[in-house]
Amino acid sequence: MSVSSPANLNAAGRPGAVPAAVASPDAVHNALPAEAVDKSCRWAVWPLAVAALGWLFLGLLMQGVASFRLVAPDILSDSAVLTYGRLRPAAVELLIYGFGLQACVATAFWILARLGRTQFQGTAPAIAGWVLWNSGVAIGLAGILAGSGSGYEALQFPKYAGLLLLAGFGFWGVAAFLTFSARREPALYPSQWFIIAGFLWFAWIYATAQCLIFWMPARGVMQVVAGQWYLHNLKFLCFSAFGLAAAFYFIPKATGRPLYSAALAKFAFWTLAFFGAGGGFAASLPLPRWMPAVSSVCNFLLLTAAVAVALNFLKTVAGVGGAVAGNLSLRWFRLAVSAWLLAVLAEFLLSRPVIGEYFRFTWVTTAADVLILAGFVILGQLGAFYYMMPRLAQKDWPCQVSPKANFWVSSAGILIIMASYIGAGIAQGRSWINADTLFLESVTASKTWLAVSAAGWLLFAIGQIPMFANLFFMARQELRGCCCCCADFEAGKPTEVRS
Amino acid sequence: MNHGPLIFLGALVTMAISWCGLIFTPQLQLGRMEQAPMKLLAPAYPAGRPGIAAQGREVYRALGCAECHTQQVRPSGDNTDLERGWGLRRTVARDFLTDSPVLVGRLRVGPDLANIAIREPKQFAVPWQYKTQSNHVEELELWHYAHLYNPRAVSPGSIMPAYRYLFEERTPSPKRPPSLDALPPEITARLTGVKNGAFEIVPRREARALVAYLMSLRADAPLFEAPVQITADAKVPNAASATNAPAANASGTNAPATNVPATPAPISK
């Protein structure tokens, strides 16, 4: 059954259902009904969500093509634009900035308005941010394909695109802050903690990385320090904050019961804030030895946050059965949160001396990145979209089968990608550990796995088509339905106004 | 309770701690790093790369070579980087002092390139052999050109993309005399199957710059933080000393190697 059926919407979408654990009773009389909140969000959130989905599809497609370039290097090799070294970074940037952050901000806007029980306050800055951000992504994409990529993972967009992104994010931050300040429910729900911190953190780390790599390039390996610090904080601080905020909001919604413990969620917040920001420096990097040591310790301590999150979710969903267990939003988030927990564990294991050194520079490290950037961010935000978008549009998904298809094909795609990268990485590690084997043997051994991973990426991309079909049908209903709905609208609306 | 200010403050303070610890402190430590003085009349290490090699670094960046190639030799431990002859010592921060951007890479789809300028042919991913006794720099450069043009012609099984667009392919005619910069006919024949000089492969400026950059990649100067141990049986891989160019690094001494090839050898005719 679908989460977005009207019955479910009324049962779980009612304001007050979630923050009951921490809500103060005196505030409720101020609260805006959920439908009014949704209506006020529509023009700010809908464009972000649609643009994010567009970039997601393009990014996955480009990542698939890039992966095939490794398997069949002589096809498409006559153009520098389509070389692996440009396609792959461009695809990753699209998935991080085009989809990831934009989707996180869209969801965050909606959650802030819903939990504040207030109208969304910053539609104009949100739209301004949308224009700046998406033009930044488009220009940056063109820049990378034309050869202006910076060479730093996740910071490949050239300087001019980075400026647009930073400006766009600033506008979004203003919109978020205005909505947060205008909340009618003063008691804060854990999701709001994560979201507010996420906005602050991203602005800070992105500005720092831009400054040390582009505006005033630091000397020598300081650029690597800034790049690694940014990449780690992007994954384990910003994406984790936005993604966990969504999970803390939607999982109680989907199960229809309050979060097991708000205190545990706050504990997760503080441990994430302290230790999530401390990792990212692999022992192999040409850096002072204390930096990987600090990283390793912080990665270990971050496990406490993972334990708190895992406990909270297990307790919240424990014993839900039947229709609720099959709830679509819950399915997406169950997978996304598991991916986040595994990613924290993988980050810790890969910073240990023996395992880390065995798998350093292998595809296993890429698998760990996929786990958080695709498994956690993409699956989690798609789950949020499936809940959020019908409410923003005030109409149900036209097709009830396609969300399931999207879910199953996407999760199959992720599993195939993960399995193939891990397989390729193990093949490489086994080959490298013996100094007498030629390097080429590690290439040969991982080739089949890479072919599988390319298929996985394309499957993941194809898996998004049902989502677009559904959106298309929804838009067509809206347009075509205008005339037929007019009668209902005319019939229904006046009575409300007159009464 | 309204915890709004607490969250703002908390998020700022935790981020400030991370920033101070992992950005500001390294900047104090690494930002002050200077070139290391070298004995025996050599320039301080690392000297900046010569102009064409610095341009080649831009080509390396623009083509995304760092997506698949690292420039990090790990210290000995649970890895075989040093045994594979990928370097005489681990790479350290000082090796990259004059580079911007610093393209250390993160994935080894292809072999490490930290010391590709001085790697022995038998230690390549697909081993090969010098044909001559003395023209090793020139042979190595030609190998790079051939490898960039068609990786699978010189390294069967490689999955590196071909970079044919870095070369001009031309057919000499009475109006267009053969280029002096074209690859030798035997290499052209090996890459394309066309013999008798009927077809020429001329490296463009980007290809020359890229190869000049690759030929400048050597992180082997003995440093205080990364000493080079030369044992009696260890052979020092040194392409430069095998040429008739003045050797920048005499084996067995503590003389420095610079990041610069001894002499930029001319493209072969």
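The values are calculated or read from the model by the stated rules, or taken from the named source; none is laboratory data. On a predicted model such as this, the values are computed, not experimentally measured, just so you know. In this analysis, Cβ positions are derived from the backbone assuming ideal geometry, glycine residues included, and neighbour counts consider all displayed protein chains. Only protein heavy atoms, including side chains, enter the accessible area calculation; ligands, DNA and RNA are left aside. Shrake-Rupley method; radii C 1.70, N 1.55, O 1.52, S 1.80 Å.
With charges set only on the Cβ (+1 for Lys and Arg, -1 for Asp and Glu), what does the dipole of the stretch B:70-194 come to about its Cα centre, in debye to the nearest 20?
On the way: 16 positive and 14 negative charges, 44 e Å.
Value, rounded to 20: 220 debye.
Around the amide H of B:Y45, modelled in the peptide plane, lie the amide H atoms of B:A36, B:M38, all under 5 Å away and 5 or more residues distant in sequence or on another chain. The stretch A:106-135 and the stretch B:44-62 have their alpha-carbon centroids 45 Å apart.
What ranking do B:14-27, B:89-102, A:386-399 get when scored by the average of other Cβ atoms within 10 Å per residue, highest first? Don't skip to the end; give the middle numbers.
Working: B:14-27: 18.1, B:89-102: 22.6, A:386-399: 19.9.
Taking the mean over residues of other Cβ atoms within 10 Å, the ranking is B:89-102, A:386-399, B:14-27.
With contacts taken as Cα pairs under 8 Å and at least 6 residues apart, chain A reaches a relative contact order of 17 percent. The label-point distance for B:R204 and A:V307, in a model that sets each label 7 Å from Cα toward Cβ, rounds to 5.8 nm.
For the stretch A:81-98, the Karplus equation 6.51 cos²θ - 1.76 cosθ + 1.60, evaluated at θ = phi - 60°, returns couplings of 4, 9, 6, 4, x, 10, 4, 5, x, 4, 5, 5, 4, 4, 5, 7, 8, x Hz by residue, with Gly and Pro reported as x.
In terms of overall dimensions, the stretch B:10-77 has a Cα radius of gyration and Dmax of 18.1, 55 angstrom. Taking 0.36 nm per residue of sequence separation and removing the Cα-Cα distance, the A:W215/A:A475 pair yields an extension gain of 89.3 nm.
Given charges of +1 on the Cβ of Lys and Arg and -1 on the Cβ of Asp and Glu, with all other atoms neutral, how large is the dipole of the stretch B:169-231 about its Cα centre, in debye to the nearest 20?
Numbers: 9 positive and 7 negative charges, 88 e Å.
It works out to roughly 420 debye.
Per residue of peptide A:444-456, the mean number of Cβ atoms on other chains within 10 Å of the residue Cβ is 1. Quick one: helix A:465-498 against the long Cα principal axis of chain A, what's the angle to the nearest 10°, folded into 0 to 90? Rounded to the nearest ten degrees, it is 20. Projecting the Cα atoms of A:T208, A:L272, A:A451 onto the charge dipole of the protein assembly as shown (Cβ charges, centred on the Cα centre) puts A:L272 farthest toward the positive pole.
Relative contact order for the stretch A:150-257: 35 percent, from Cα pairs under 8 Å spaced at least 6 residues apart, divided by residue count.
What trypsin sites (Lys or Arg not before Pro) does the stretch A:321-388 have in DSSP loop regions with at most 10 other beta carbons within 10 Å?
Details: sites: A:R331, A:R334, A:R360; in loops: A:R360.
Loop-located and lightly packed - none at all.
Measuring between alpha carbons in the structure, the pairs from A:K235/A:K404; A:K253/A:K395; A:K39/A:K235; A:K315/A:K404; A:K159/A:K235 lying more than 30 angstrom apart are A:K39/A:K235.
Seen against the Cα atoms of chain A and their longest principal axis, helix A:240-255 is set at about 40 degrees.
With distances taken between every two different alpha-carbon atoms, the stretch A:251-296 has a Kirkwood hydrodynamic radius of 13.1 Å. Dividing the radius of gyration of the alpha carbons in the stretch A:79-219 by their Kirkwood radius gives 1.04 for Rg/Rh. Can you tell me the orientation of helix A:102-116 relative to chain A, as the angle in degrees between its alpha-carbon axis and the longest Cα principal axis, to the nearest 10? Around 40 degrees separate the two axes.
With the simple model of a label 7 Å out from the Cα in the direction of the Cβ, A:D74 to A:I433 spans 3.5 nm. When the alpha carbon coordinates of the protein assembly as shown are projected onto the principal axes, the ranges are 99, 57, 42 Å, largest first. When B:E225, B:E200, A:E441 are compared by accessible surface with a 1.4 Å probe, the order from highest to lowest is A:E441, B:E225, B:E200.
Close amide H pairs (under 5 Å, H built 1.01 Å from N) link B:F167 with B:R204, residues at least 5 positions away or on another chain. Computed from label points 7 Å out along Cα-Cβ, the spacing between B:V194 and B:D78 is 5.2 nm.
Distance between the C-alpha centers of the stretch A:42-74 and the stretch B:106-183? Whole Å please. Here the two parts' Cα centres lie 35 Å apart. Per-residue SASA remark: A:I355, around 70 Å² accessible (1.4 Å probe; ligands, DNA and RNA not included).
Its alpha carbons considered, the stretch A:287-401 gives a radius of gyration followed by a Dmax of 18.0, 57 Å. Let me make sure I get this right: for the stretch B:53-145, a, b and c are the square roots of the gyration tensor eigenvalues over alpha carbons, sorted descending. Under 1.5 in a/c it's rounded, otherwise prolate if a/b > b/c, else oblate. Which is it? Judged from the Cα gyration tensor, the stretch B:53-145 comes out oblate (a/c at least 1.5, b/c at or above a/b). The relative contact order of the stretch A:225-382, computed from alpha carbon pairs under 8 Å that lie at least 6 residues apart in sequence, is 29 percent. Global size of the stretch A:335-438: 18.0, 65 Å for Rg and Dmax (C-alpha atoms, Rg to one decimal, Dmax whole).
Heavy atoms only, 1.4 Å probe, whole protein assembly: order A:I111, A:I422 by accessible area, highest first. Before the final figure, lay out each step's value.
Working: A:I111 0, A:I422 70 Å².
Descending accessible area places them as A:I422, A:I111.
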